[in-house]
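See below for the structure under consideration.
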Amino acid sequence: MNELKVSPKGRVAFVSGANRGIGRAITIELLKEGAKKVYAGVRNLKSLDDLKPEYGDRLIPIQLDLKNDKLIFRAGRLVKDVEILINNAGVYESGGFFSDETLDSLEDNFGVNVMGLVKLSISLIDHLKNKPCAAIVNVASVLGLASMPFSGTYSASKAAVHSITQGMRGELTNSNVLVMGVYPGPIETDMTRDLDMDKDSPQNVANDIVNALKEGSEYVFPDVMSKQVGELFFTEPLSIEKQFGSFVSEEQEA
Ligand SMILES: NC(=O)c1ccc[n+]([C@@H]2O[C@H](COP(=O)([O-])OP(=O)(O)OC[C@H]3O[C@@H](n4cnc5c(N)ncnc54)[C@H](OP(=O)(O)O)[C@@H]3O)[C@@H](O)[C@H]2O)c1
């Protein structure tokens, strides 16, 4: 296992999905922590204009759509000095496995959360390997550690992100690249707008990621719910599936 500490201070980062939600909080946190430069991967180049007065040239929007290979590989050519890649951008398309929407939802979730993440990582990996010290941070989800019924296609995409994170870490063992998986529970963003339950703040996720970079941690459970799931993941992983299943039976009973 690597024992790399990759403090953002003075370093160059790339954040996908930097314009809103968790990605925006990470972008701001990296800049506050003294990152030399943050490349903000966004679909709309103007979407971070409000941050420009405060952060000026340290914040550089880069056009990125994870469904557009040309933009993904163009980004790789533009950001050769990158040292920290935060694979944050993602979509949540609800859907279980036995409906008319299953295949579309599977394709949407995998298209961005899995294929997009892998393509962007391929596009930037040589730059990361060239640096004395670098990091790849993959934002997965607690739903990638066990499947949530009726959100199974999203869960499957995040399980793939979890597995990809392990695979990247394995391939980069003894290298200069720290590989971190982040497993949030419910966080207050547009993605969970319709979810009626307690949610943690994107700011807490961003703080935990920055602290984990400084400490060289490989697993991050950044909120109240995910800390509980994280404990079970290391001690009693099968109980997570039962716990997620019970949310659905409780709803059916109600
Ligand atoms: N919120 C939660 O409870 C929660 C829990 C666990 C994990 N996560 C994960 O955390 C990450 C961030 O989620 P969030 O809650 O911050 O969601 P969000 O507020 O919906 O933001 C999603 C971000 O991803 C970007 N994005 C979506 N599709 C894209 C594409 N094709 N190409 C490039 N960028 C794209 C969006 O850009 P546009 O503005 O252009 O659409 C936006 O910046 C995701 O990977 C999500 O799965 C979230």
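Going toward the positive end of the dipole of segment 12-253, with +1 on Lys and Arg Cβ and -1 on Asp and Glu Cβ, which of Gly230, Asn204, Ser175 do you reach last?
Ser175
Can you give the accessible area of Ser7 in Å² (nearest 10), computed on protein heavy atoms with a 1.4 Å probe?
Surface open to solvent at Ser7 totals about 40 Å².
Would you list Phe233, Phe73 from the most to the least accessible area, probe 1.4 Å?
Descending order: Phe73, Phe233.
How much area per residue is accessible in the chain when the probe is 1.4 Å and only protein heavy atoms are counted (Å²)?
49
Could you state the angle between the C-alpha long axis of helix 152-171 and the longest principal axis of the C-alpha atoms of the chain, as a value from 0 to 90 degrees rounded to the nearest 10?
Taking the Cα atoms of the chain, the angle to 152-171 is about 40 degrees.
What full-extension length gain, to one decimal in nm, is calculated for Leu195 and Ser175 as 0.36 nm per residue of separation minus the Cα-Cα distance?
In short, 3.2 nm is gained.
Segment 170-246 to segment 98-157: how many Å between their Cα centroids?
Rounded to whole Å, the Cα centres lie 14 Å apart.
So, with a 1.4 angstrom probe, what is the percent of accessible area on the chain that is carbon and sulfur?
Reported share for carbon and sulfur atoms: 51 percent.
Can you show me the helix-derived [θ] at 222 nm for the chain, built from DSSP H runs with n ≥ 4 at -39,500 (n - 2.57) apiece and divided by the number of residues, rounded to the nearest 500.
-13500 deg cm²/dmol, from helical runs alone.
Would you kindly state the longest site-free stretch of the chain, with sites defined as GluC sites (Glu not before Pro) in a DSSP loop (not H, G, I, E, B) surrounded by at most 14 other Cβ atoms within 10 Å?
102-254
For helix 202-215, what angle does its Cα long axis make with the longest principal axis of the chain, in degrees from 0 to 90 and rounded to 10?
60
Taking the 0 to 90 degree range and rounding to the nearest ten, how far is the long axis of helix 238-253 tilted relative to the main principal axis of the chain, both from C-alpha atoms?
60
Taking just the alpha carbons, could you work out the radius of gyration and Dmax for the chain, both in angstroms?
Spelled out, the Cα radius of gyration and Dmax of the chain are 17.6, 56 Å.
At most 12 other Cβ atoms within 10 Å and a DSSP loop assignment: could you name the trypsin sites (Lys or Arg not before Pro) in segment 193-249 that fit?
Those that pass, being in a loop and sparsely packed, are Arg193.
The values are calculated or read from the model by the stated rules, or taken from the named source; none is laboratory data. Just so it is clear, the model here is predicted, and its values are computed rather than measured. Glycine gets a Cβ as well: all are built from the backbone with ideal geometry, and neighbour counts include every protein chain shown. Just the protein is used for accessible areas: all its heavy atoms, side chains included, with ligands, DNA and RNA removed. Shrake-Rupley method; radii C 1.70, N 1.55, O 1.52, S 1.80 Å.
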